[in-house]
Amino acid sequence: MKKLKWLLLLSLFWMQMVVDAPSLNAASSVTDTLTMVKNSTTIVHNGVKTTAAQPLTFINGVSYIPLKAIAVEFGYKVTYNAPTKESIATSKDGVELRFKPNSAAVTKDGVATALTGPAINQQGSFMIPVKSWSILTGAKLSLVGTTMTLSWSTAPKAPTAAFEVTPTEIYAQQTQVQYVDKSVVPSGTGIVNEVWSGREDIFQEAGKHTITRQVQDGNGVWSDPYSVTIEVKAPNQAPVADFTTDKTVYRIGENILYTDKSTDDENAIESTKWSGNESVFFAAGEYPVTLEVTDRHGLTSQLTKNITVSSEVLYTRDEYNRLYTAVGEKYAISGSTVLTYPVVSYTPVSEPAQMVRSNSPETLVREGIGYEDQLIGDIRFMFHNLNNTGEPVKIYLLATNYGSVTANVGTGATGMGGPNTQVSATGKMSTARYLTSLASNPATTWQTVKPGETKEILPMISQKALKQNEVISAFADLVTDQRLEFHVVVVKDGKNPVTELPNLTYLERDVHVRGTFDGTNRSIEINETLGNTAQRLVIGDGKLDPYLTGYDGLTGNLEINKGNFGVMYKMKLSHVAPRTLISLNPRGGYYMGAFLVNGKLVTLPISTPIISDSNEAGVLYRTGNTEETVELIFMIAPGGNLPLSLMFTPLPEVRW
């Protein structure tokens, strides 16, 4: 009795399993059978007889039947293409078969396939090999005696249950897993049911996991199981923030060395954020310093430690800044104190050098000619303009040869900043790039301007259009062996400046400077010892450093180069005392620029946009423990404010 009871329960369980488990519809089972007899025109399809135009014929061991007769039974539509002489059979789901008379090949969906025999015409009927038809359609072919049978299935094709698991990296207990459907339903009836095994939205255990899926379409046909095996990683651990300092207690003005000791289980810390980690403190007390680290998964860790500063003084703020502010960086000073420093006198020597300053109008409000002059020899061009026309414009430098001899025009050192909306940045970068180019001693590039010709000679400045409110600043050294008329032209982007030139008028000048100036290379040599006490050397004030005079090429009027913009200063300081700080202090407002110091480029400032005012200074150089000769080459950067004080101050003693 007990045995019977267990058998009954087992049978019920088995029945339930049969009902619940997806089973494949017999999509591949035979639904259609077609029989033909040698030399007979009768075709029997699932018991229904039809008559073919020609009998089943055997020629050289190959069986043939009319294409139209057999294709119709398989549900194909047959057409004829007269230009290509092709008989075309097309199935309901779009499969296309193309046959040609006397050809041993068939094209299936554009791909040629060999036939078991050539297609033929027999008494007006186009005949094809039966075996080839069975291969092309997937039908099973058999021959028993003189009877040939084709069997196939027209049942709906089973769907496929493909899917994709994302993301590619999955962590146990953490990663939200997505399952992207990649299934295909040939019947077009959609998915009405699905069964998953091994699927989890968040996997709890690390290791290999196999996920399996089956889907059922609208015809009730189930797919084969589709499986994907993934590797689930152990839960990602948050990084551990940690840092050390080289001491436990610091004096006022003493450098602090922070060492990041943070770790991550994947060694994948992507960002580090400090707060309070000053390199030095100038008052006694406890200072919290916090380090926060983030790994590539967004997990963070934070650590705060207190820095203890005693009341003992190693350096004052001023002493520390003069000793340790990096070259190119700025530091705070007392601007009023600078005025108490003795002024170093000097006598500049002007070297023959022409310069064209095209800076008026500085703000462009329409198209036109910004400057024009006839020149020969070495010429430095300076451009500094802002676009306020309301639409993109380009600035061109053109040259016209009114003479009878072809002019050779060479281009030497150049530098450009912009176009962008930051006035100070464009001036700083044009100066820095020009000095860099100058230091590299570039080879002169040559071009010619033929008699009667007008052409663009400095394409650098017209490469990009100036959008509204954008600024361009540039310097370029040119040389010409024939007198040329140079035109600084402003036209809308897309226009040809050469063809527009005859129609343009001169732009109205503003408070800024335009003109041609000579003696624009200024040599200064100072032989007295500098730096034993605080001293200053004044640049660009118009008094100790006189402004150049020249003329406006458009009006012929006298022009004063206020600020000496475009002038190249070559300064030789023959005796700079040991342990002297050379720094730059702007007196008229903010400043930014560049210097060649003993041949090395120094931009001011490096990590901030500007030296804000007279209460800040930028570090240019420090001498070592012996007297040095220091050579400076610089140009006052467009967009900066003047005058400038070049300061020489003794460095504090190094204390331990």
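What the table below lists for this structure:
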| read-out | value |
| --- | --- |
| Subset of region 613-650 [under 26 Å from THR340 (Cβ atoms), among the polar types (S, T, N, Q) and modelled with pLDDT of 95 or more] | SER614, ASN615, THR623, SER645, THR649 |
| Unique match (being within 22 Å of GLU485 (Cβ to Cβ), in contact with a strand residue (DSSP E or B) (Cβ under 8 Å, 6 or more places away or on another chain) and among the polar types (S, T, N, Q)) among GLN302, GLN374 | GLN374 |
| Residue in region 356-367 that is crowded, with 18+ Cβ neighbours inside 10 Å, within 30 Å of LYS543 (Cα to Cα) and charged (D, E, K, R) present | yes |
| Extreme residue, farthest from the chain's Cα centre (by Cα), among residues of region 177-211 that are more than 12 Å from ALA162 (Cβ to Cβ) and among the small types (Gly, Ala, Ser) | SER187 |
| Strands (runs of 3 or more DSSP E) contained in region 88-205 and holding at least 2 residues closer than 29 Å to VAL30 by Cα | 96-99, 105-108, 111-114, 125-129, 140-144, 147-152, 191-197 |
| Failed item in (1) buried (at least 17 other Cβ atoms within 10 Å of the Cβ); (2) in the same structural domain as LEU375 (by TED's automatic domain parsing); (3) aliphatic (A, V, I, L, M), with VAL511 passing the rest | (1) |
| Strands (runs of 3 or more DSSP E) lying entirely in region 206-291 (those with 2 or more residues that are touching a strand residue (DSSP E or B) at 6+ places or on another chain (Cβ under 9 Å) and closer than 27 Å to THR308 by Cα) | 243-245, 249-252, 258-260, 269-275 |
| Matching strands (runs of 3 or more DSSP E) fully within region 478-577 where at least 1 residues are within 44 Å of the chain's Cα centre (by Cα) and over 23 Å from PRO361 (Cα atoms) | 521-530, 535-539, 568-576 |
| In region 481-535, residue farthest from LEU651 (Cα to Cα) [restricted to those that are in contact with a Leu (Cβ under 8 Å, 6 or more places away or on another chain) and β-branched (Val, Ile, Thr)] | VAL498 |
| Number of the condition not met by ALA89 [criteria: (1) within 18 Å of LYS131 (Cβ to Cβ); (2) among the small types (Gly, Ala, Ser); (3) over 54 Å from the mean Cα position of the chain (by Cα)] | (3) |
| Within region 434-477, considering residues that are assigned to a helix (DSSP H, G or I) and in contact (Cβ under 8 Å) with a residue 40 or more places away in the chain, the one farthest from THR363 (Cα to Cα) | ALA439 |
| Selection from region 332-358 of residues that are more than 20 Å from ASN532 (Cβ to Cβ), in contact with a Lys or Arg (Cβ under 9 Å, 6 or more places away or on another chain) and not hydrophobic (A, V, I, L, M, F, W, C) | GLY335, PRO348, SER350, GLU351, GLN354, ARG357, SER358 |
| Any pair with Cβ under 6 angstrom, 6 or more apart, that starts in region 132-152 at a residue that is charged (D, E, K, R) and ends at one that is surrounded by 18 or more Cβ atoms within 10 Å (Cβ to Cβ) and modelled with pLDDT of 95 or more | none |
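Quick grid of which residues meet (1) under 18 Å from SER134 (Cβ atoms); (2) charged (D, E, K, R); (3) in contact with a strand residue (DSSP E or B) (Cβ under 9 Å, 6 or more places away or on another chain):
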site: THR57; (1), (2), (3): yes, no, yes
site: LYS68; (1), (2), (3): yes, yes, yes
site: VAL72; (1), (2), (3): yes, no, yes
site: VAL95; (1), (2), (3): yes, no, yes
site: PHE99; (1), (2), (3): yes, no, yes
site: GLY110; (1), (2), (3): no, no, yes
site: THR113; (1), (2), (3): yes, no, yes
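The values are calculated or read from the model by the stated rules, or taken from the named source; none is laboratory data. Quantities reported herein were computed from a predicted structural model and do not represent experimental measurements. In this analysis, Cβ positions are derived from the backbone assuming ideal geometry, glycine residues included, and neighbour counts consider all displayed protein chains.
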